[in-house]
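To start, the structure itself, in structure tokens.
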Amino acid sequence: MKKSLFIIPFAIALAIFFYPTTSNSNSTGSVGGKTGSPTDGVSCTQCHYAGLGAGATITSNIPPSGYVPNQVYTITASIQGSNDQYGFEITSEEANFGSAKKGTFFITNNTETKLTNNNKAVTHKLGGTQGPGIKNWSMDWEAPNSGTGSITFFGAFMEGNLDQTNSGDIYHSTNLTVNESTPSSIQDYVINKKILKVTDLLGRETKQKNQPLLYIYDDGTVEKRIVIE
């Protein structure tokens, strides 16, 4: 009798310990520091009992010649899977093992993405978790100062199975390394210029595209451009 009384609470304790708990990360985003990068050290698999997938990519409009220091680029994190619920976290670090976070992220879609990990990474929000077998998130990223060198973007992605638990989710990961550009002396002059503001032809500040715009720099020069989207 005493043996039976011992076995029952022991079995209950095991059941509680191994029961897959409901995760909030799919809906509210990563708590941060879960990209699996050398600096973060851990990934989403700390909380999710995940299998492995290979459907994640990171792309950008950084040219093959490399990023220009202090210029802003668009980074896109994507995942393709067999389910309709997804989440992610992306960060950027010097391309040396265990080195510092570099670059500055800017949110361009407040409905679907937010900053995390002390603003050193971007993750999803509730409004950015659904997609018909594929999901993309875009954000802006300002390149670090000159002399930083190569940068690696690390991305961790979760493909949820919609059962409201951590069990059965699929973990995808990927990275993208970009070099710092090595411009000529003429290009150096252009790089060191900073944009003060962008206006239309009437002098009104604007961010609209598909029209002639005036880019006003801190050295007094002005460029007229048309950005087509």
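Within region 53-71, being part of a strand (DSSP E or B) and farther than 24 Å from Gly147 by Cα holds for Ala56, Thr57. In region 44-60, the condition of being touching a Cys at 6+ places or on another chain (Cβ under 9 Å), in the same structural domain as Ile151 (by TED's automatic domain parsing) and either in contact (Cβ under 8 Å) with a residue 60 or more places away in the chain or surrounded by fewer than 22 Cβ atoms within 10 Å (Cβ to Cβ) (or both) is met by at least one residue.
Checking each residue in region 111-150 for being under 20 Å from Ser78 (Cβ atoms), of a type in the set (S, T, N, Q) and either modelled with pLDDT under 95 or buried (at least 19 other Cβ atoms within 10 Å of the Cβ) (or both) picks out Thr113, Thr116, Thr123, Thr129, Gln130. Flag not set for Leu176, criterion: at pLDDT below 85 and among the aliphatic types (A, V, I, L, M). Residue by residue through region 197-220, note down the ones that are of a type in the set (A, V, I, L, M, F, W, C) and either farther than 25 Å from Asn145 by Cβ or in the same structural domain as Ser146 (by TED's automatic domain parsing) (or both). Of everything in region 197-220, those that are of a type in the set (A, V, I, L, M, F, W, C) and either farther than 25 Å from Asn145 by Cβ or in the same structural domain as Ser146 (by TED's automatic domain parsing) (or both) turn out to be Leu201, Leu202, Leu213, Leu214. In region 101-113, the residues that are on the phi < 0 side of the Ramachandran plot and among the aromatic types (Phe, Trp, Tyr) form Cβ pairs under 8 Å with partners that are in a loop (DSSP other than H, G, I, E, B) and surrounded by 15 or more Cβ atoms within 10 Å (Cβ to Cβ), at six or more places apart or across chains, as follows: Phe105/Lys120.
The values are calculated or read from the model by the stated rules, or taken from the named source; none is laboratory data. As the structure is a computational prediction, the values presented were derived from the model and not from experiment. Every residue, glycine among them, receives a Cβ derived from its backbone with ideal geometry; neighbour counts consider all protein chains shown.
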